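In what follows, a single structure is set out as structure tokens and then discussed.
Since every read-out is calculated from the coordinates, none of them should be taken as a lab result. Predicted, not measured: the structure shown is a model, and the values here were computed from it. Cβ sites come from the backbone with ideal geometry, for glycine too, and all protein chains shown count toward neighbours.
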Amino acid sequence: MNRALVPVALLLSALVLSGCQKEEVVEAAPVELVAPTGTDDGEWKAYLGKVIGQNQAGVTDRVFSYYLPVGSQEPSEGDQDGKTMYDRQLENVNAVVQRTVLPGNMLAFGSPESGKMADLIVAAFKDADPNALKGSQVLFIGNAADGERVRAAVEPAGARYVFVEAK
């Protein structure tokens with residue numbers, strides 16, 4: 001064999017062997033998230049986004065997120081029609097539930113005021129068709145005290161219910 005070809009042959013054999021080695025994949029355990037202690041919208045939205053990201057198992061299509069800031073039931077400055085953020089969000093969710101949600105989608109709900117968000121979910125799902133959310137899921141991020149009443153409102157609409165305690 002030509003002496004000039006020996007280093008090339010060694011390099012090629014090393015590359016071939018390295019391509020045959022099995023790559024080891026190490027999955028990191030999900031980080032336990034801690035809810036913000038204040039009412040800063042930016043902190044809450046970032047937290048809720050991370051929680052939603054950790055709970056998308058089974059979601060094959062879109063995630064629709066709903067958020068209520070603190071004071072959402074008070075009229076905002078410059079509000080021409082007198083509707084509060086709570087009222088607008090309730091209308092939005094109610095319309096989505098009434099027209100049904102396609103399988104693979106997720107509705108995600110969270111707020112620094114868990115009780116108000118739970119009230120909104122219960123009201124929006126009050127008259128839902130039994131198959132309105134069949135094959136989709138609802139994620140509620142809130143206080144444990146609100147989790148079961150939200151479950152009772154959501155499950156009759158056919159959705160898979162996921163609860164994450166904001167702690």
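Phi angles of segment 154-163 translate, via the Karplus equation with coefficients 6.51, -1.76, 1.60 and θ = phi - 60°, into HN-Hα couplings of 7, 4, x, 7, x, 7, 7, 9, 10, 10 Hz per residue; Gly and Pro are given as x. With 23 Å as the limit on Cα-Cα distance, the pairs of K83/K116; K50/K83; K45/K167; K126/K167; K50/K134 that go past it are K50/K83; K126/K167; K50/K134. Express the C-alpha Rg of segment 45-167 as a ratio against the empirical globular expectation 2.2 N^0.38 Å, rounded to two decimals. That works out to 1.01 for segment 45-167. With the cut-off at under 17 Å, measuring from each backbone N in segment 114-134 to a point 7 Å along the Cα-to-Cβ line of A152 picks out 115-128. Modelled spin labels at N92 and A46, positioned 7 Å past Cα toward Cβ, are 2.2 nm from each other.
At full extension, V122 and K167 could sit 14.0 nm farther apart than now, given 0.36 nm per residue minus the alpha carbon distance.
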